[in-house]
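Engineer: Questions regarding the structure given below will be posed in turn.
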Amino acid sequence: MDFSLTEEQELLRKTVRQFVDKEINPYIREWDEKQHFESSILTHLADLGLMGVCIPEQYGGSGMDYNALAIVCEELERGDTAFRTAVSVHTGLNSMTLLQWGNEEQKQKYLTPQARGEKVGAFGLTEPNAGSDVAAMQTAAVREGDYYILNGSKTWISLCDVADHFLVFAYTDKSKKHHGISAFIVERKWEGFSSKAIKGKLGIRAGNTGELFFDNVRIPKENLLGQEGEGFKIAMSALDNGRFTVAAGACGTIMASLEASLKYCHERSTFGKEIGKHQLVQQMIAKMEAGLQQSRLLVFRAGWLKNQGKRNTRETSLAKWQACDYAWEAANDAVQIHGAYGFSNEYPVERYLRNAKAPVIYEGTREIHTVMQAEYVLGYREDKPLSNTLPAWPFEVVKETVK
Ligand SMILES: Cc1cc2nc3c(=O)[nH]c(=O)nc-3n(C[C@H](O)[C@H](O)[C@H](O)COP(=O)(O)OP(=O)(O)OC[C@H]3O[C@@H](n4cnc5c(N)ncnc54)[C@H](O)[C@@H]3O)c2cc1C
């Protein structure tokens, strides 16, 4: 067991932290107020090699390990959840899924420009009537010659107006339920595709989230990811990576909540002493520290399993559930520590609290992860090996991964 970060990982943390302090923190209050997604941040991230940090160099990435992705997510969310969410969907849900399930042609055509940050990827699973219950989806793709004709809609899709490529899940045979769902790579520029942002969100207001519409979109058959009917499996394996990034990001919210609270504890005095000297305030600080350290251990364990090429659905789910709950509590306590000032956007903690709600809902709600963990322990749920696995790290030059 080795709990230390490598020199390269330490340098990565420092680089992202400096970037966030210079390019995000001075402007984020205004972006949040205006519900503005600042897409130039993605260009900066690409310049730093952070849009494909854990994608092999062979496919345009930086070739670092999976815990390097966790570090990027922690540090980005210390700035704002919106940009970590962007990396979660681009790298965690989309690019890593292409790495795991794509054939060589798909990796060259879609993964490589995404890892370089020349193109942006997103993930379209949720529908108006299908969130936790994925199989309730209605979007369908019908094969016609060399094309699939896609009709339907998705909602709550991060980067809906920004991404160039979307992984879209649709029924190719509804009678087979979960086994009738397939995964497709869909390009924004195709006829029949449109998107619309959702405004008035509680949090992640500096992020871009919204709907996708497919009106007879013609998908070339080469853009089927994996085999017909493998879509549900592909979506769930994508979530193993997305949830990992969400859990890591939650550590960033805890860090930011702690940082702001520590500063305020030393600045504010009541009853003749700094509020940090009151034991009930110390209790909130201690809980934040415990939450950060515990969450980080769970995240790095999941990353360690990914580095070994081992299945980590159970461990990632636990990390996501716990880290997001801790982040929500930490942000709530940070507002409490700031008293009335915490209730105003003069201080960043109200934004942390609003932002911390969505991660308790997306990529598996708190309830879904609670049920998953109970089922694992009770022996009702067991993970079977997948036909396609995420490559272990250090990466070898990989050949064709789809049989
Ligand atoms: C900001 C934001 C960004 C998002 N980005 C994306 C994205 O990029 N791509 C994408 O595909 N989706 C995205 N989503 C959607 C998100 O993944 C879904 O909202 C989530 O899966 C929950 O689905 P739902 O909202 O339909 O809630 P529902 O599934 O309708 O759940 C409603 C309530 O019932 C509970 N519940 C449901 N089933 C059970 C059960 N079996 N046991 C116990 N309780 C249960 C839930 O926990 C919840 O409390 C995003 C959502 C948000 C808020």
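Engineer: Can you name every residue in the range 109-124 that is outside any loop (DSSP other than H, G, I, E, B) and either touching a helix residue (DSSP H, G or I) at 6+ places or on another chain (Cβ under 8 Å) or buried (at least 21 other Cβ atoms within 10 Å of the Cβ) (or both)?
Structural biologist: Y110, L111, T112, Q114, A115, R116, G121, A122, F123, G124
Engineer: While we're looking at this one, here's another question. Collect the residues in the range 53-75 that are touching a Leu at 6+ places or on another chain (Cβ under 8 Å) and either more than 13 Å from K306 (Cβ to Cβ) or not in a helix (DSSP H, G or I) (or both), keeping them in residue-number order.
Structural biologist: V53, C54, I55, P56, Y59, G60, S62, M64, I71, V72
Engineer: Condition test on G79, is it closer than 28 Å to V397 by Cα and among the small types (G, A, S)? If you could, list the steps in order and put the result at the bottom.
Structural biologist: On the way: closer than 28 Å to V397 by Cα: no; among the small types (G, A, S): yes.
Criteria not met by G79.
Engineer: Given the structure, is V349 among the aliphatic types (A, V, I, L, M) and either in contact with a strand residue (DSSP E or B) (Cβ under 6 Å, 6 or more places away or on another chain) or closer than 24 Å to C265 by Cα (or both)? Break it down into steps so the answer makes sense when it comes.
Structural biologist: Details: among the aliphatic types (A, V, I, L, M): yes; either in contact with a strand residue (DSSP E or B) (Cβ under 6 Å, 6 or more places away or on another chain) or closer than 24 Å to C265 by Cα (or both): yes.
It is true that V349 is among the aliphatic types (A, V, I, L, M) and either in contact with a strand residue (DSSP E or B) (Cβ under 6 Å, 6 or more places away or on another chain) or closer than 24 Å to C265 by Cα (or both).
Engineer: Of the residues that sit in the range 329-374 and are within 11 Å of the ligand (Cβ to nearest atom) and farther than 21 Å from E74 by Cβ, which one is most open to solvent (accessible area, probe 1.4 Å)?
Structural biologist: E367
Engineer: Identify the residue in the range 187-199 that is open to solvent by 60 Å² or more (accessible area, probe 1.4 Å) and assigned to a loop (DSSP other than H, G, I, E, B) and, among all such residues, is farthest from the ligand (Cβ to nearest atom). Spell out the reasoning first.
Structural biologist: Of all residues in the range 187-199, those open to solvent by 60 Å² or more (accessible area, probe 1.4 Å) come to 188-189, 191, 196, 199.
Then drop every residue that is not assigned to a loop (DSSP other than H, G, I, E, B), which leaves 188-189, 191, 199.
Values: R188: 15, K189: 20, E191: 23, K199: 12 Å.
Only one residue tops the list, namely E191.
Engineer: Here's another thing I want to ask about it. Can you name the residue in the range 132-152 that is within 16 Å of the ligand (Cβ to nearest atom), touching a residue at least 60 places away in the same chain (Cβ under 8 Å) and not aliphatic (A, V, I, L, M) and, of all such residues, is least open to solvent (accessible area, probe 1.4 Å)? Walk me through how you get there before you give the answer.
Structural biologist: Residues of the range 132-152 within 16 Å of the ligand (Cβ to nearest atom): 132-139, 150, 152.
Retained after the next criterion (residues that are touching a residue at least 60 places away in the same chain (Cβ under 8 Å)): 132, 134-135, 139, 150, 152.
Keeping just the survivors that are not aliphatic (A, V, I, L, M) gives 132, 139, 152.
Working: S132: 83, T139: 1, G152: 31 Å².
In this case the residue turns out to be T139.
Engineer: Can Y326 be described as part of a loop (DSSP other than H, G, I, E, B), at pLDDT 95 or above and either more than 16 Å from the ligand (Cβ to nearest atom) or more than 27 Å from W156 (Cα to Cα) (or both)? Full working, then the answer.
Structural biologist: Values: part of a loop (DSSP other than H, G, I, E, B): no; at pLDDT 95 or above: yes; either more than 16 Å from the ligand (Cβ to nearest atom) or more than 27 Å from W156 (Cα to Cα) (or both): yes.
So Y326 does not fit the description; no.
Engineer: Here are the criteria: (1) open to solvent by 70 Å² or more (accessible area, probe 1.4 Å); (2) more than 20 Å from the chain's Cα centre (by Cα); (3) touching a residue at least 60 places away in the same chain (Cβ under 8 Å). Tell me which single one L5 does not satisfy.
Structural biologist: (1)
Engineer: Of all residues in the range 27-38, how many are over 19 Å from T15 (Cα atoms) and open to solvent by 60 Å² or more (accessible area, probe 1.4 Å)?
Structural biologist: Kept after step one, since they are over 19 Å from T15 (Cα atoms), are these residues of the range 27-38: 29-38.
The next check asks that each one be open to solvent by 60 Å² or more (accessible area, probe 1.4 Å); those that pass are 29-30, 33-34, 36.
Residues in the range 27-38 being over 19 Å from T15 (Cα atoms) and open to solvent by 60 Å² or more (accessible area, probe 1.4 Å): 5 in total.
Engineer: OK, next. Quick check on V397: is it more than 11 Å from the ligand (Cβ to nearest atom), assigned to a helix (DSSP H, G or I) and more than 25 Å from G249 (Cα to Cα)?
Structural biologist: no
Engineer: If I go through the range 32-43 residue by residue, how many of them are assigned to a helix (DSSP H, G or I) and either more than 13 Å from K119 (Cα to Cα) or of a type in the set (S, T, Y) (or both)?
Structural biologist: Initial filter on the range 32-43 (assigned to a helix (DSSP H, G or I)): 32-34, 40-43.
When the remaining residues are screened for being either more than 13 Å from K119 (Cα to Cα) or of a type in the set (S, T, Y) (or both), the result is 32-34, 40-41, 43.
Residues flagged as assigned to a helix (DSSP H, G or I) and either more than 13 Å from K119 (Cα to Cα) or of a type in the set (S, T, Y) (or both) within the range 32-43 amount to 6.
Engineer: On to the next question. Examine the range 282-290 for a residue that is farther than 23 Å from S4 by Cβ, open to solvent by 50 Å² or more (accessible area, probe 1.4 Å), modelled with pLDDT of 95 or more and not in a helix (DSSP H, G or I), and state whether such a residue exists.
Structural biologist: No, that holds for no residue.
Engineer: Out of F232, F244, F214, I need the residue that is in a strand (DSSP E or B) and either crowded, with 23+ Cβ neighbours inside 10 Å or not aliphatic (A, V, I, L, M) (or both). Which one? Outline the logic, then answer.
Structural biologist: Numbers: F232 fails: in a strand (DSSP E or B); F244 fails: in a strand (DSSP E or B).
So the residue among F232, F244, F214 that is in a strand (DSSP E or B) and either crowded, with 23+ Cβ neighbours inside 10 Å or not aliphatic (A, V, I, L, M) (or both) is F214.
The values are calculated or read from the model by the stated rules, or taken from the named source; none is laboratory data. All values reported here derive from a predicted model rather than from experimental measurement. Cβ sites come from the backbone with ideal geometry, for glycine too, and all protein chains shown count toward neighbours. With ligands, DNA and RNA removed, areas are computed over all heavy atoms of the protein, side chains included. Shrake-Rupley method; radii C 1.70, N 1.55, O 1.52, S 1.80 Å.
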